[in-house]
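First the structure, in the form of structure tokens, and then the observations on it.
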Amino acid sequence: MDLLQLRYFLAVVEHGGVNRAALALHVAQPSLSQAIRRLERDLQTELFQRVGRGLVLAPAGEALIGPARQMLRTLNAAYDAVKEVRDVRGGRVDIASLADLSTDPVSRWVAHFRVKNPRLSVRVEDRGKVAEVAELVRSGQCEIGFGVLPSPHVGLVSEHLVAQHFVLIAPPTTDDDFDDVVPLAALDGVPFVTGEQNTTTRDWIASEIASCGAEPWISVETSQRGAVLPLVLNGAGIAIVPLRIALEAHEQGAVIRQVDPPLRRDIGVFHRPGTLTEAADAFLNNAYSNVSSWERDIERHMSEGRGRIEAAALSHAAVRERHLNDLREGTLAARQSGFGPANS
């Protein structure tokens, strides 16, 4: 028994005979008749009783109508689901991320992507080491991964995405305690809030500070990345964080300073060789678009004589306004299409 036979069977039932069903389906009448006979042989029972030159449903035929329709509905639903994924209207993107990137920039990319693609879902697995992120991608548990370049895993394709800049943040009211540019060598013995040990980002920052001959005093160590900003804002110590996270802390009163030598690292995406799914490809295109817009804005403001922190602050405000506009339009479109929290 195959699905084509079931379609032919239901057509005969719904059109009241083989000839009318063949006309409706645009198939030859002998082909349709043969398909019905093959279906009866497969089921080892008679589906129609021949009365004169017509057909009347047999008891087995009556019993088959409901299951046949359900099977075709299920098949159509499967086709629709695949079509949604193919057309990037549905499906899921599985992402692996270095833990310190899952807050910024990955969470931003995910949010912007979801606003524009509300029927797509995203799963993010984060890890403390880049090698662990790469392994999630290599094993197939995730389709794409975000981490520090170069990728530590042979056999993965890696592409540069963005240069991530780090700055110092300090508690409110400490403006006079720090020069506009803080030498890393001046951090010796300074109370320092940091993430947990043996993670890629903490090890890298500690190594950069140590190379300048300084060793901060770890006043607070936390495994909760989201706790670093509240701790600094409430006076527990200073921290070194990505520039965009620092801008959010500054909006709450934190002091921001550039450091010398500058701290930056290259962030990239890696994936297995071959073609990505449509959803993953769309996600990456959206990330590249976000990065390009961000970097263009900063370069424009810096060309006007502003420093990186001020330029980034202006760009951050512009990006946020654009995202809010996208969010308003997306919410309105969702309501109009009947898709969204109010209609779920």
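The values are calculated or read from the model by the stated rules, or taken from the named source; none is laboratory data. Keep in mind it's a predicted model, so treat the numbers as computed, not measured. All Cβ positions, glycine included, derive from the backbone under ideal geometry; neighbour counts span all protein chains shown. Side chains included, ligands, DNA and RNA excluded: accessible areas come from the protein's heavy atoms. Shrake-Rupley method; radii C 1.70, N 1.55, O 1.52, S 1.80 Å.
Out of curiosity, is residue 162 open to solvent by less than 20 Å² (accessible area, probe 1.4 Å), of a type in the set (Val, Ile, Thr) and modelled with pLDDT under 95? Reasoning before the result, please.
Values: open to solvent by less than 20 Å² (accessible area, probe 1.4 Å): yes; of a type in the set (Val, Ile, Thr): yes; modelled with pLDDT under 95: yes.
Answer is yes for this residue.
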Six or more apart or on different chains, Cβ atoms under 9 Å: show the pairs whose first residue is in segment 308-321 and without any contact (Cβ under 8 Å) to a residue 12 or more places away in the chain and whose second is assigned to a helix (DSSP H, G or I) and open to solvent by 40 Å² or more (accessible area, probe 1.4 Å). 310/302
Selection from segment 259-290 of residues modelled with pLDDT of 90 or more, open to solvent by less than 30 Å² (accessible area, probe 1.4 Å) and under 19 Å from the mean Cα position of the chain (by Cα) yields 267, 268, 269, 270, 271, 283, 284, 286, 287
Do you know which of the residues in segment 1-47 that are closer than 20 Å to residue 63 by Cα and not in a helix (DSSP H, G or I) is modelled with the lowest pLDDT? 1
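At pLDDT 90 or above, β-branched (Val, Ile, Thr) and in contact with a Lys or Arg (Cβ under 8 Å, 6 or more places away or on another chain): which single residue out of 110, 122 fits that description? Give the steps one after another, and end with the answer.
Values: 110 fails: in contact with a Lys or Arg (Cβ under 8 Å, 6 or more places away or on another chain).
Step by step, each of 110, 122 is checked, and only 122 is at pLDDT 90 or above, β-branched (Val, Ile, Thr) and in contact with a Lys or Arg (Cβ under 8 Å, 6 or more places away or on another chain).
So, in segment 165-189, of the ones that are among the aliphatic types (A, V, I, L, M) and more than 25 Å from residue 148 (Cβ to Cβ), which residue ends up surrounded by the most Cβ atoms within 10 Å (Cβ to Cβ)?
To start, the set of residues in segment 165-189 that are among the aliphatic types (A, V, I, L, M) comprises 167-170, 181-182, 184-187.
Adding the requirement that they be more than 25 Å from residue 148 (Cβ to Cβ) leaves 170, 186.
Working: 170: 23, 186: 15.
If we take residues in segment 165-189 being among the aliphatic types (A, V, I, L, M) and more than 25 Å from residue 148 (Cβ to Cβ), then 170 is surrounded by the most Cβ atoms within 10 Å (Cβ to Cβ).
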When the residues of segment 137-148 are filtered to those that are assigned to a loop (DSSP other than H, G, I, E, B) and modelled with pLDDT of 90 or more, which remaining residue is least open to solvent (accessible area, probe 1.4 Å)? 142
Checked segment 150-188 for anything under 25 Å from residue 311 (Cα atoms) and among the aliphatic types (A, V, I, L, M); matches are 161, 162, 163, 167, 168, 169, 170, 181, 182, 184
Restricted to segment 104-123 and to residues being among the basic types (Lys, Arg) and assigned to a helix (DSSP H, G or I), the residue least open to solvent (accessible area, probe 1.4 Å) is 108
Among 134, 96, which is touching a Pro at 6+ places or on another chain (Cβ under 6 Å) and either open to solvent by less than 40 Å² (accessible area, probe 1.4 Å) or part of a loop (DSSP other than H, G, I, E, B) (or both)? 134
Being at pLDDT below 90 and at positive phi narrows 189, 91 down to just 91
In segment 138-185, which residues are farther than 20 Å from residue 249 by Cβ and of a type in the set (Gly, Ala, Ser)? 139, 140, 145, 147, 151, 155, 158, 163, 185
